[in-house]
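See below for the structure under consideration.
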Amino acid sequence: MQSLLQCSTGRQQSWGRPSLGVDIISLNEKWQLMNSNSSVSLSAEVPGCVHTTLQRQGFISDPYYRFNDLAYRWISLDNWTYTTSFSVPTHVRGKGKAVLVFEGVDTVSTISLNGVTIGKTDNMFRRYDFEVTGLLKDEENVLQVWIMSAVTYASQRSHAHTEYRVPPDCPPPVQKGECHVNFIRKAQSSFSWDWGPSFPTLGIWKEVRLEVFNSSRVLSYTTSPKYDSEHSSWNVEVELFFDVFVASKGLVHLSIPLLQSEAEFQLSLTPGQSKNVSLWWPFGHGEQFLYYLTIDVNLEGGETFNVAFRTVELVQEPIPSSPGLSFYFRINGKPIFLKGSNWIPVHAFQDQVTTDMITILLRSAQKANMNTLRVWGGGVYEQDIFYSLCDMYGIMIWQDFMFACALYPTEKDFIQTVREEVTHQVRRLKSHPSVVIWSGNNENEAAIATDWFNISVAARPLYVKDYVNLYVENIRDIVLQEDSTRPFLVSSPTNGVESEKEGWVAKDPYDPHYGDTHYYSYYKDCWDWTAFPRTRFASEYGFQSWPSLSTLSKVSVSSDWDFSSNFSAHRQHHEDGNQQMLKQAELHYILPNSTDPVQKYRDTIYITQVMQAQCVKIQTEFYRRSRSDIVEGKGHTMGTLYWQLNDIWQGPSWSSVEFGGKWKMLHYWATDFYAPILSAGVEDKGDLLIYGVSDSHSEKHNVKAKVRCTLVFQHSISALLMQCGNCTRRSCIVAFHLSSPEGQLISPHNHMFLSSPRYAEGLQKPNITFTVKDTGIVQNFFVTLHCSFPAVYVWLDVDNIPGHFDVNGFLMLSKKSTVIFGAWRPTTAEEITANLHITSLRDVY
């Protein structure tokens with residue numbers, strides 16, 4: 001393969017890093033913050049938000065603590081003003097053009113400089129540039145940002161929309177949220193969601209700076225590697241967007257040193273060599289090669305970016321012996337089974353999200369053998385570091401645009417700010433190889449098709465028209481214009497090209513013969529795999545659990561530690577969620593009955609995590625073994641993204657990683673059910689079937705990829721029990737794995753119950769004891785367990801010591817077992833010993 005550099009320029013406004021040769025004055029950090037009646041006045045930092053500032057200054061306590069989300073509602077209902085002053089250095093004053101750059105304002109604001117209004121904002125997902133050339137003073141300049149309550153603004157916009165309603169008006173009461181979030185371009189979950197609090201934040205959540213220059217500045221660079229199959233070569237298309245003040249000529253030098261490839265281009269701006277390349281592969285399928293691309297404008301030293309070579313196709317084509325179409329991703333010409341989860345905002349206050357928090361979550365995803373995360377459409381477009389780390393880790397990103405579970409207005413100003421938002425985000429993110437697909441919204445096609453909002457038959461065409469206007473005629477058109485290197489879906493779930501044929505809103509967007517599906521069922525027995533949709537691609541499914549007591553204790557008091565407490569009800573934002581968890585758990589497990597209320601609470605948390613892990617495991621294994629099956633025309637499943645990876649606060653949710661980074665049992669189990677080679681067992685018509693599932697390719701990537709799911713064992717269960725001696729369905733567990741002809745383990749250990757554990761016979765309390773010893777490797781410790789009887793779902797919890805075990809939530813079928821704990825901070829064997837809690841299934845009753 002060969003590479004060729006090409007360059008194109010554009011003058012339209014865009015966003016990105018400034019070019020060299022531009023004087024930059026940072027306006028971050030010290031600001032003053034005041035509420036509408038001046039009763040609150042304090043210093044503030046930028047980037048930041050009002051809630052964070054009030055907490056740092058001691059004006060309020062932790063907003064996440066107990067019921068503070070309700071107690072601090074007044075903050076979001078007030079209007080706030082940020083003010084700062086700055087001076088311009090002497091050497092900068094004579095330059096020709098000055099621009100104030102706001103990378104992100106949350107959300108509705110009026111901005112003034114030295115008493116003159118310079119602009120307004122109405123979209124937290126956009127960057128805003130305001131020219132201030134004639135407004136700067138030699139001495140002190142006063143910059144003021146007045147931010148209107150997002151709750152008030154959304155309400156006013158909704159009430160002004162009098163022609164027809166744009167539902168939903170308000171979230172369900174259980175969410176304790178605010179209304180009309182669909183009328184404001186802001187994180188939709190900030191007004192509440194079924195897994196998170198209502199904190200409609202206000203603030204300057206990204207950087208602010210003054211840029212001063214004489215002739216021009218580079219607004220952004222984008223790179224688009226494109227494969228030319230006819231010539232077996234790669235072309236790297238580099239786009240540069242300029243803000244030009246004075247007509248000028250220049251030179252752009254592009255180079256990729258590792259490929260010995262470089263090129264120079266003459267630029268005329270007015271106002272208004274080859275080498276084989278190494279490909280970028282998803283995690284588990286090859287290396288993540290990233291090349292340095294240097295862009296040097298006018299020989300000013302240049303800036304370096306990463307560029308990667310990979311192709312992505314979304315394949316929707318007929319399948320033999322099946323109606324409908326396939327739905328799978330081909331990366332570098334090879335079909336890839338997508339394994340992963342859904343990503344929600346890491347924190348309600350985005351200024352609190354650190355690189356460490358993002359890194360821990362992404363490393364946790366990779367350790368669980370995930371190769372994909374879906375950045376869900378009700379949150380935020382993530383930080384640059386998130387996408388850069390995904391590039392490095394080989395984690396593919398399904399990128400939603402930020403629209404979710406609602407219908408939206410289509411007034412001219414709303415459409416215009418959305419167009420700016422989409423253009424900005426596509427140009428910001430398209431250079432990342434990890435981003436493999438754009439998706440217009442979360443569940444909005446389904447909302448119309450299955451009539452979530454009780455729209456009359458007569459009114460439905462109006463809403464379909466608005467839907468097509470927003471997502472097809474605007475968002476889709478912009479994406480296709482800006483980025484030809486990756487696919488675009490209008491919604492999720494969707495029937496894909498079939499939805500397009502049906503006018504973009506399919507009769508049944510959940511049809512398993514097409515596209516992707518979202519599926520939730522909390523009262524049906526999750527052990528019954530026959531109830532799951534045999535879908536082409538499962539992009540959402542899951543079950544709730546509660547996070548550990550050590551996580552909850554940071555925001556609660558001991559009187560809250562009861563499932564019937566006000567705190568437990570308040571923290572649960574999903575209707576009947578606590579009862580659904582216990583009802584599902586009770587189908588297969590005896591619920592905790594300790595007379596110690598704190599122990600019962602801890603045990604109940606444990607049993608919800610066991611239930612969640614088992615339910616998601618059964619469903620995921622069903623999807624993975626359906627990859628090469630076609631049953632009654634359904635199957636060929638090529639992706640599983642369970643809901644959800646992470647938490648926004650300490651509360652019950654569908655997550656596998658708690659707020660703070662602690663792994664739930666589900667996440668430990670995900671490392672096994674997402675293993676490259678998996679053994680999966682199932683009972684069908686009295687037989688035990690064990691499948692071998694493999695998604696690995698040849699290491700050299702020189703053979704055609706094969707997606708394999710093979711039946712490796714089939715045996716009558718009754719005959720198997722007879723062969724085992726004294727076994728019955730209630731007294732024995734089937735344990736299995738795959739091994740090589742030489743006896744080498746090639747899949748994780750797996751197991752199956754032949755009846756519900758609640759009816760298990762002979763299950764004794766295991767009386768587990770333990771010792772902890774340093775391994776000799778920094779922050780790694782051996783935990784050696786001893787038991788007197790076999791133990792089911794052995795769970796190790798070290799309270800607030802951050803880190804994770806190499807295995808957890810496991811079967812202990814021998815009298816001795818050793819696991820390793822890897823700490824994320826300095827600790828000792830003594831501290832681990834003092835904090836370690838061990839629970840097994842038989843210990844909770």
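The values are calculated or read from the model by the stated rules, or taken from the named source; none is laboratory data. Given the structure is predicted, the values throughout are model-derived calculations rather than measurements. Quick reminder, even Gly has a Cβ in these numbers, built from the backbone with ideal geometry, and neighbours come from all protein chains shown. Note: areas computed on protein heavy atoms with side chains; ligands, DNA, RNA excluded. Shrake-Rupley method; radii C 1.70, N 1.55, O 1.52, S 1.80 Å.
For the range 376-511, which whole-number percentage of the solvent-accessible area (1.4 Å probe, protein heavy atoms only) is attributable to carbon and sulfur atoms? If you can, show how the numbers build up before the last one.
Values: 2170 of 4200 Å².
Carbon with sulfur: 52 percent of the solvent-accessible area.
Between the listed residues Ser216, Pro173, Ile204, the Cα displaced farthest toward the positive end of the dipole of the range 172-220, a dipole computed from Cβ unit charges relative to the Cα centre, is found at Ser216. Here the convex hull built on the C-alpha positions of the range 768-839 has a volume of 74 cubic angstrom per residue. Each Lys and Arg adds +1 at its Cβ and each Asp and Glu adds -1 at its Cβ; summed about the Cα centre, the range 679-759 shows a dipole of about 140 debye.
Heavy-atom accessible area per residue, the chain, 1.4 Å probe: how many Å²?
Numbers: 32380 Å² over 845 residues.
The answer is 38 Å² per residue.
Counting Lys and Arg as +1 and Asp and Glu as -1 over every other residue whose Cβ lies under 11 Å from the Cβ of Ser255, the net charge comes to -3. Pairs of alpha carbons in the range 277-414 separated by more than 26 Å make up 41% of all such pairs. Each Lys and Arg adds +1 at its Cβ and each Asp and Glu adds -1 at its Cβ; summed about the Cα centre, the chain shows a dipole of about 1080 debye. Assuming charge only on the beta carbon of Lys and Arg (+1) and of Asp and Glu (-1), the dipole of the range 217-307 about its Cα centre is about 40 debye to the nearest 20. Below 21 Å, Cα to Cα, which lysines can Lys815 reach? Residues fewer than 8 away in the same chain don't count. Here the lysines satisfying the reach criterion relative to Lys815 are Lys765, Lys773. For the peptides 537-550, 23-36, the ranking by mean Cβ contacts within 10 Å, running from highest to lowest, is 537-550, 23-36.
Local charge for Val436 was computed over the other residues whose Cβ lies under 14 Å away, with Lys and Arg +1 and Asp and Glu -1, and equals +2. The Rg/Rh ratio of the chain, with both radii computed over alpha carbons and Rh defined as the Kirkwood radius, is 0.97. Beyond 20 Å between alpha-carbons counts as too far, so tell me which of Lys554/Lys583; Lys186/Lys501; Lys554/Lys617; Lys339/Lys367; Lys524/Lys664; Lys30/Lys97 fall in that bin. Beyond 20 Å between Cα atoms: Lys554/Lys583; Lys186/Lys501; Lys554/Lys617; Lys524/Lys664; Lys30/Lys97. The ratio of the alpha-carbon radius of gyration of the range 22-210 to the globular-protein estimate 2.2 N^0.38 Å is 1.11.
Over the range 376-511, what per residue volume does the convex hull of the Cα atoms give, in whole Å³?
Hull volume normalised by residue count: 106 Å³.
Report the convex hull volume per residue for the range 740-783, counting only C-alpha atoms, in Å³. Please report the intermediate quantities before stating the final value.
Details: hull volume 8.3 nm³, N = 44.
So the per-residue hull volume is 189 Å³.
The range 759-816 and the range 73-89 have their alpha-carbon centroids 52 Å apart.
Once Rh for the range 217-307 is found with the Kirkwood sum over Cα pairs, what is the Stokes-Einstein diffusion coefficient at 25 °C and 0.890 mPa s, in µm²/s?
On the way: Rh = 14.8 Å.
Reported coefficient: 166 µm²/s.
In terms of Cα atoms, the Rg and Dmax of the range 527-659 work out to 16.7, 54 Å.
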